Each structure stands twice: as structure tokens, then as C-alpha cells.
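These notes are about the structure you will find just below.
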Amino acid sequence: MAGMKTTAARVYNWLERRTELEGPVKDAALHVVPRSTASWWYVFGSAAFTLLLLQIFTGILLALVYIPSAGEAWNSLNVLNHQIPLGWFLRALHGWGSNFMVAIVLIHMAQVFLFGAYKFPRELTWIIGVFLLLMTLGMAFTGQVLRFDQDAYWGLGIGVSIVSRVPWIGGGLVHLLLGGPIIAGATLSRFFALHVFVIPGTLLVFALLHVWMVLKLGINEWPMPGRLVRRSTYIAEYNQLAHEDGIPFVPGAFWKDLVFSGAIIAAVAVCAFVFGPYGPSGQPDPSIIQTVPKPDFFFLWIYSILSYLPPAMETPFILIAPILGIAFLLALPFYASEGEKSWHRRPVAVLAVSTIAVCFGILTHLGTTTPWSPHMSAWSADPAPPSLIHDATPLVRQGAVVFQAKQCRNCHTIGGTGGERGPDLDYVATRMTPDEMRFKVETGGGNMPAYGKNLSPPEIEALVSFLETLHPENEPPAYDPARRALNTAHMQPSKPDAGPSAPANPSAKPGATP
């Protein structure tokens with residue numbers, strides 16, 4: 001035993017002489033904090049960091065099996081669920097860890113706001129925390145996309161349709177995210193890179209910087225009513241408080257962080273074991289739109305707001321509300337850096353947090369329970385009205401069958417009945433040329449998915465032929481002037497070549513004397 005201790009000591013001394021980590025680690029572990037901070041209210045930051053480490057560890061293991069391609073992503077998740085021992089549990093740990101991490105970060109932000117910990121001299125610590133929240137939400141959204149099932153496909157479609165509304169650069173951003181105009185193989189590669197490399201790496205760097213600043217500036221003391229923050233005196237007052245009534249962070253405050261983080265990890269494991277992983281549900285198919293896709297719980301409130309807003313208000317809300325919210329959070333420590341910290345004397349702060357929490361809960365509940373769907377006045381499998389295919393060609397009739405089989409009436413009205421999510425198609429031929437219809441069907445756009453990979457070329461041609469007939473009898477369909485001019489030029493009869501060998505008298509026989 002003594003020999004093992006001696007060997008361990010030699011190894012430790014060898015490493016210490018080369019790394020010199022003992023001093024910084026001791027300083028971090030034994031730094032003095034106010035005794036009042038050894039509270040269960042101060043454990044959420046450590047729990048969030050612990051969950052980040054869990055996500056990185058489980059994410060690395062999942063990346064060994066997951067294949068980020070449109071053809072194999074869905075299959076690789078099913079292999080994890082059903083063929084690899086405890087693969088389902090690993091996926092469940094990662095999924096539930098994401099949910100817990102978002103919840104813990106939100107609670108931590110609310111606690112910091114109510115305790116006034118964003119005030120001088122911790123303004124930059126708060127700003128980094130805001131970016132940590134945004135990156136946590138970004139990691140959660142990109143992770144949902146990687147499931148690449150029906151919900152993920154439609155959820156991504158909704159997400160990029162929101163991005164496309166950004167003025168001037170919306171189209172470019174969509175192409176950057178998707179790797180092209182439609183959701184395809186390049187899309188998963190990009191979101192895989194974002195979810196596995198870009199966002200976690202940035203998140204880890206910002207989290208370490210956040211912890212470093214907490215160590216250097218000290219943990220925010222318990223907010224006592226009447227103890228005001230003044231730039232000229234706060235640092236001296238904090239150092240005096242830590243000197244007179246301080247304890248080492250380890251073990252004085254650390255043991256509560258350790259216990260709470262352990263309880264959170266245990267809760268994640270229990271949820272993973274009892275409820276299992278998220279999906280994948282059905283394979284992504286843009287022709288099937290009855291999935292009623294809903295995002296994970298932390299985005300359900302946005303889903304509910306957009307469902308209730310009038311169409312004319314959607315774009316202003318999407319473009320203005322997030323910018324104002326983020327700007328408010330970033331500017332908060334600069335216009336409220338001094339003054340009272342205690343929530344007992346900050347009723348506006350308490351009212352704001354309470355209102356946001358109640359609205360978040362109500363909107364999340366509505367997003368979970370409300371059966372959002374298009375307004376329907378016809379069953380999607382109904383055939384086309386007979387008046388639209390009376391005396392129609394076989395190709396047009398085949399297009400009507402495609403229109404029925406792909407359930408286009410879930411979103412579009414035809415013959416006066418159908419869904420209201422998409423535009424009315426009764427007069428579509430007066431608005432769009434056949435080429436425009438074909439392009440729209442193949443590539444989608446806006447809220448319409450792309451059907452280029454779900455319909456064969458003959459089916460697309462038949463569908464477009466049917467759509468060409470949808471115009472009033474007394475109104476001609478739309479046409480491309482350039483194409484019509486080209487066709488007219490090709491149809492003009494050419495003049496005969498009056499060469500020297502052509503007879504002057506058409507009726508004269510060759511060789512006859514005029």
C-alpha cells in the first residue's frame with residue numbers, strides 16, 4: 001500500500017511540475033464567498049453546467065452511430081432504438097437532458113433577474129448568460145431537426161419559413177441553413193455540424209468564460225432590502241462582507257451544488273427510463289400533412305402565438321418581438337446597474353417574471369392540447385368535383401387523381417370546398433403559367449413543402465395539366481409572353497427558296513421551252 005501511495009505521489013508531482021494546475025484549482029475551490037450564498041437558490045447554474053457535460057458526453061456516443069443523411073438518419077435512429085443494447089436509453093438521456101437543460105437555464109435566468117445579479121459589476125456576466133440561453137435554445141432546435149421524422153421535417157419547414165421573412169437577407173439565410181432551396185441531404189449535414197460542433201463548442205467556451213467571471217467577481221450576495229448597489233462603494237462592501245462573514249466555496253457551498261446536480265441527473269435518468277426517447281415517428285414525407293407537427297415544449301409558446309395571431313400580424317411579430325426581447329435583456333444591466341437588488345422592493349420585476357411565467361405556461365398548455373389544423377369543409381380524399389373534369393382529357397383526369405391521392409385539398413380549396421391554409425386554386429391558371437406551377441410543385445416555398453422527390457415527372461405533368469384547366473370559361477389562362485412569341489416564330493411557314501433552278505412557270509415541265 002505504501003508503495004502505491006509513493007508511486008501515486010510521484011505521478012502527481014510529475015504532472016504538477018509540468019502543468020502547475022494545483023494553485024489555480026485550489027484558488028477556485030477555496031475562494032471565499034458570502035455565507036448567504038450557500039443557499040439552495042444558488043444551485044441552478046452548476047446544474048446547468050452539469051447538464052451541458054451530460055449532453056456533450058451522450059452526444060458523442062450518439063454521433064458514433066447517427067448518419068446525417070436524408071436517406072439514413074431515420075434508419076440510424078431506429079437502429080439505436082431497437083438493435084443496439086441500451087441505445088434507446090442513450091437517446092432518451094440525450095433528449096430528456098436537453099429538456100431539463102432548457103428548463104434549468106430559464107429558471108437560472110429568472111433567479112438572477114429577481115436577485116439583481118445583473119447589476120454592477122456583473123453586467124458582462126449577465127450578457128454572456130443571455131447568449132448562453134440563446135445557444136441552448138439553438139442546440140435544442142437543431143437536435144429536434146436531426147430526428148428527421150415527420151414532425152422534424154415540418155418543424156424545420158415552419159422554422160425556415162419564419163427565417164425567410166427577414167427582409168433582404170431572408171432568402172440567403174434559408175439557402176445557408178438548408179444548403180439549397182429545399183430540405184434535402186445537405187440540410188441534415190449542416191444541422192449536424194451546427195448541433196455537434198458549432199453550437200456545443202461555442203456554448204462550452206461561453207460557459208467556461210461565465211464560470212471564470214463568477215470566480216473573479218464573486219457570487220452575488222443574498223439581496224437584502226435596503227442594501228443598495230453603488231458603483232463607488234459596492235466592491236469594497238462586497239469584499240468586507242466576504243471577509244467578515246465568508247466561507248470557502250468548497251465545501252461550504254459546493255455540497256449543495258453537488259447534491260442538486262446529482263438529483264437532476266437522477267431525474268433525467270428516471271424520465272429517460274420511464275418515458276423513453278423522442279421518436280422518430282413516421283419517415284419524412286411532405287405529401288402527408290396530417291402530422292400536425294409540434295415543436296418540443298420550449299418552443300410551444302411561439303407555436304401557440306403564431307396560431308392565434310391574424311395572418312397580417314405574423315410577420316411583424318416574428319421580425320420585431322424577438323429583436324426587442326433580446327435587446328431588452330442585453331441593455332438591462334446598463335440602464336439598471338445600480339440601486340435595489342431585493343425582489344421585496346422591486347415589484348415591477350416580480351410582476352414581469354410572474355406574468356411571463358403564467359403566459360409561458362398557458363401558451364405551452366394550449367400548444368400541447370389544442371388540435372391545431374386547417375379549417376376544413378371537405379374530406380381530403382374526396383374526388384375532384386365532376387364539373388371540373390367533365391369532357392377532360394385522360395391526362396387531366398390523371399392529374400385530378402394525383403390531386404386527390406396527395407390530399408392537396410387539406411390545404412387548398414377547389415370547387416368551393418377544401419382547406420384554407422393555402423391559396424384557393426379555383427383560379428390558379430389565371431395567376432400562374434404551367435412552368436410556374438411546375439416549379440412551385442417541385443420546389444415548394446413559403447408554407448408549401450417541396451414535392452419534387454415525392455412525385456414522379458409524369459405525375460407532376462398530369463397534376464399541372466389538371467391545374468391548367470382551373471380558370472373561368474370566359475377568361476384565358478396565364479401565359480408566358482416570351483414563350484408564346486418563340487412558339488409563334490417556330491410555327492410561321494418558311495418561304496420557298498427561289499433559286500436559279502426553280503422554274504419561272506410552275507406549270508411548265510422541266511426542259512420545256514417557255
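Every number here is computed from the coordinates shown, using simple stated rules; none is lab data. No experiment lies behind these values; they were computed from the predicted model shown. Because the Cβ atoms are built from the backbone with ideal geometry, glycine has one as well, and the counts that use them run over all protein chains shown.
Observations, loosely collected:
- Charged-residue dipole, Cβ positions (Lys, Arg, Asp, Glu), the chain about Cα centre, Debye nearest 20: 1220 debye
- On the beta carbon distance between residue 312 and residue 435, with R0 = 25 Å, the FRET formula returns roughly 0.25.
- Partner lysines for residue 294 [C-alpha distance under 27 Å; skip if fewer than 8 residues away on the same chain]: 406, 440, 453
- Test item: Cα-centred dipole of segment 386-483, Lys/Arg +1 and Asp/Glu -1 on Cβ, debye: 380 debye
- Within the set (1) 1.25; (2) 1.21; (3) 1.16, the number that Rg/Rh (Cα atoms, Kirkwood Rh) takes when calculated for this structure is listed as (3).
- Across the chain, C-alpha contacts under 8 Å between residues 6 or more apart give a mean separation that, scaled by the residue count, equals a relative contact order of 19 percent.
- A simple count of charges around residue 246, restricted to other residues whose Cβ falls under 14 Å of its Cβ and scoring Lys, Arg +1 and Asp, Glu -1, yields -3.
- Distance between the pseudo-spin-label points of residue 233 and residue 176 (7 Å out from Cα toward the beta carbon): 4.9 nm.
- Three-way shape call for segment 321-374 based on the alpha-carbon gyration tensor, with the a/c threshold at 1.5: oblate
- In this simple spin-label model, placing a label point 7 Å from the Cα along the Cα-to-Cβ direction at both residue 330 and residue 215 gives a separation of 2.8 nm.
- Note on segment 1-124: Kirkwood radius taken over Cα pairs, Stokes-Einstein applied at 37 °C and 0.692 mPa s, translational D equal to 173 µm² s⁻¹.
- Local electrostatic count, residue 472, Cβ distance below 14 Å [Lys/Arg +1, Asp/Glu -1]: -4
- Cβ-based charge dipole, segment 386-483, positive-most Cα from 472, 412, 434: 412
- Net +/- balance of residues flanking residue 74 in space, Cβ distance below 9 Å, scoring K and R +1, D and E -1: -1
- Computed about the Cα centre, the dipole magnitude for segment 1-136 is approximately 340 debye when only Lys and Arg (+1) and Asp and Glu (-1) carry charge, each at its Cβ.
- Tensor-based shape of segment 73-184 (alpha-carbon gyration tensor, a/c under 1.5 rounded, otherwise prolate or oblate): oblate
- Whole-angstrom gap from segment 429-460 to segment 286-350, using each part's C-alpha centre: 35 Å
- Farthest toward positive dipole pole in the chain [+1 Lys/Arg, -1 Asp/Glu at C-beta], among 258, 358, 171: 258
- The C-alpha atoms of the chain define a longest principal axis, and helix 199-217 lies at about 30 degrees to it.
- For segment 386-483, the Kirkwood radius over C-alpha pairs fed into Stokes-Einstein at 25 °C and 0.890 mPa s yields D = 180 µm² per second.
- Structural descriptor for segment 386-483: relative contact order 34 percent, calculated from alpha carbon pairs under 8 angstrom and at least 6 residues apart.
- Tilt relative to the chain, helix 2-19 - C-alpha long axis, 0 to 90 degrees, to 10: 60 degrees
- Gyration tensor verdict on segment 133-289 (Cα atoms; rounded if a/c is under 1.5, prolate if a/b is larger than b/c, oblate otherwise): prolate
- A straight Cα-to-Cα reach below 18 Å connects residue 119 with the lysines 216, 341, residues fewer than 8 places away in its own chain not being considered.
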